[in-house]
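Note sheet for the following structure.
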Amino acid sequence: MLFAIAFVSMFVIGGLSGIMVASVPFDIHVHDTYFIVAHLHYVLFGGSVFGIYAGLYHWFPKMTGRMMDETWGRIHFALTFVGFNVTFLPMHWLGLQGMNRRIAEYEPRFAAVNLVITIGSYILAVSTIPFLINAIWSWSKGKVAGSNPWNSLTLEWTTPSPPPVENFEVDPVLTHGPYDYGHPSRAETDTMTLVS
Amino acid sequence: MQGSTVDQSQADLNFSGTHAPTADHHSEHPDLRLFGFVVFLISESMLFLGLFVAYFTFRLVAPSWPPVGTEELEILLPGLNTVILLSSSFVIHQADVAVKKNDVPNARKWFLITMAMGATFLAGQLYEYNHLGFGLKTNIFASTFYVLTGFHGLHVLVGILLMAGVLWRSRRPGHYSSTSHFGVEAAEVYWHFVDVIWVILFFLLYIL
Amino acid sequence: MTQAELSDPKQLDPVVEVSHGQNWREYFSFSTDHKVIGIQYLVTSFVFYLIGGVLAELVRTELATPEVDFVSRETYNELFTIHATIMIFLWIIPTLTGGFGNFLVPLMIGARDMAFPRLNAIAFWIIPPTGVLLMASFFVGPASAGWTSYPPLSLMVNKFGEAIWIAGVILLGTSSIMAGLNFLVTILRMRIPSMPLIKMPLFCWAMIATSALQLVATPVLTGAMVLLGFDLLLGTAFFNPTGGGDPVVYQHMFWFYSHPAVYIMILPAFGMISEILPTHARKPIFGYQRSLILVSPLVFWASSSGRTTCLPAAPQTGCECSS
């Protein structure tokens, strides 16, 4: 069974969104500086966009019936991860040192860090290219996925990929909880056991 | 994989066993439109709530309310309007009762009366607008007054149009019946909603 | 170039091997199939993501040096304003709720489609014209007061662009309300009989919370935008202190939306992560019920007070990461 499109990446991404949220309390102290910019981009980019990418890789087989390429996925992830952190991590320092947001010019002492940030943002921009190549190539020529490439338990994987117009041939019936992985009672008996 | 096969066989079993919505796989879900419509109205009421709260804040911040020199609001005409709008809620409920008894002609009659009452209300509003001593830009009180009543008036207008739509559809015999009357119900619920909003508005603007 | 690249895969007919797959032309039609709409959302908002990204790169290029050299100050303001607006209203929200929500929710709960397929299609088709409208405002000088658009600044510069911005936000808000309504009704009423709420995947729970937030918070933003539009176009003084108004009222109304909006933007992502991690880790999720307890008060906490909202999120993420 093809196990993961970089399971590790997913895990890091998931952990990442936790770090993002943990950074919230700081922003009370550094109003209207680049710290805010860093914070909100960590939340929105690190949380949402990484989550979106994870979701795209995960459900791409369901949407198109094809697997995405894992190598390209890893390249994409590495570039995004590096670009993201090079771009937004230094903004925390800028903010703590008092660089104001929303102003086109700044004191020369911030110049070096800003240059680094700009370079990081270019890396981030470039990182979408592997993703686009991957998505376009996989959509037409990727490996055929089958209905449940991840061996997942939620209902969307019980129907063919991509799903037919009315989704299910017959209405599915739930026999197990959504996350009963490794549960002894799952495959053998159909009794519903909820993991708590 | 294994999970999915178990699913399939189980699904077949269950499908023929308990409820069998015919052989074709297209099981119709129950009519959710009314539920959806009510959820929409909840959302809509948040729009008004936001405006109400804005009104309150302006009012609290202002040194005197209404600001000095603003002409006092006449209460007789809006009061009459309130009575008309409120009683129209009972009238439209009669339409609902009628349609549930399969009495579409009577439902149409009640709808027509409600529309007339709504139109009277709107005419009264316009008359009031024309005779007020302040315009939209006179002061913050005038602005909020016009925006709040204007928004509500817009909703009254939409309600009248909704009823007109229901009337238009009901000219075909059998379109509405005691079992299928979403349009009638939706128009009724909407009209009650418009009513409630007006009562709050009236209280806020004229009484308080 | 990026746009052309993006439309390429559709011409290659993505679903050759599956007989019941959709024709690529369907992705450009007013389809009511939730899966087609979901992919329409994803592709459209990805295009906007690229556009917003280009704007961000322009901003960063300007900031590469301390002086104002690459673009003028005014252009800089316009760039970051539209960048933020596009990223929030045309990329994150449509992708997470519209894209993934549309594609996954009916499949996860075993439904045939959304509760209101046509409403769904309308909600999507509001988005591309609005996005084009926002971009077109660059020809007349777009809004440049930041994505928060605080008065009085937003009422003083680039009035025409600001009007377009207000119209755009109202339209996108309407679309978002329609989508939220659809999700809420679908999840609450269209689950297969064998799936009680407590056995739903966490993503669906996240979508319930998100939709509720959209329904409750977005109309207030619309209200704020209407008042701002009155101030801008008709010369009222809701947010103008000299006329007896109060700019702080705008801020309250705006943040009544935008605090919960952070959750609109992050909760579906949490939901997806909590689908993906257990699948790939082959482990049951830890603290399913506790996560639910945390998701539901989020709705209220997020609405009432911004600062306390970080509290429930942290343990929730903790739960998910530990699975």
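Structure above, values below:
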item	result
The range B:31-117, relative contact order [Cα under 8 Å, separation at least 6], %	19 percent
Eligible lysines near A:LYS62 by straight Cα distance, threshold 23 Å, same-chain separation 8 or greater	A:LYS141, A:LYS143, C:LYS10, C:LYS35, C:LYS199, C:LYS283
Apportionment of accessible area to carbon and sulfur, chain B, percent (1.4 Å)	68 percent
Threshold 40 Å², the range C:45-71 residues less accessible with all protein chains present than alone (1.4 Å probe)	C:PHE46, C:TYR49, C:GLU57, C:ARG60, C:LEU63, C:ALA64, C:PRO66
Sequence ranges C:163-176, B:65-78, C:63-76, ranked by mean other-Cβ count within 10 angstrom, highest first	C:163-176, C:63-76, B:65-78
Whether chain B is rounded, prolate or oblate, judged on the alpha carbon gyration tensor where a/c under 1.5 counts as rounded	oblate
Probe 1.4 Å, protein heavy atoms only - accessible area per residue of chain B in square angstrom	50 Å²
Residues losing 50 Å² or more accessible surface upon assembly, the range C:215-248, compared with the chain by itself, 1.4 Å	C:PRO219, C:PHE238
Residue-averaged beta-carbon neighbours from other chains (10 angstrom radius) around C:27-33	1
Cα gyration tensor shape for the range B:63-127, rounded if a/c is under 1.5, else prolate or oblate	prolate
Per DSSP, loop trypsin sites (Lys or Arg not before Pro) in the range B:87-186 with at most 15 further Cβ within 10 Å	B:LYS101, B:LYS137, B:ARG171
The range C:77-167: C-alpha gyration tensor shape, a/c 1.5 cut-off, then a/b vs b/c	prolate
Relative contact order of chain B, pairs being alpha-carbon contacts under 8 Å that are 6 or more residues apart, as %	27 percent
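The values are calculated or read from the model by the stated rules, or taken from the named source; none is laboratory data. Keep in mind the model is a prediction, meaning the values are calculated, not measured. When we count neighbours, we look across all protein chains shown, and the Cβ atoms used for this are built from the backbone with ideal geometry, even at glycine. In case anyone asks, the SASA skips ligands and DNA or RNA and just uses the protein heavy atoms, side chains included. Shrake-Rupley method; radii C 1.70, N 1.55, O 1.52, S 1.80 Å.
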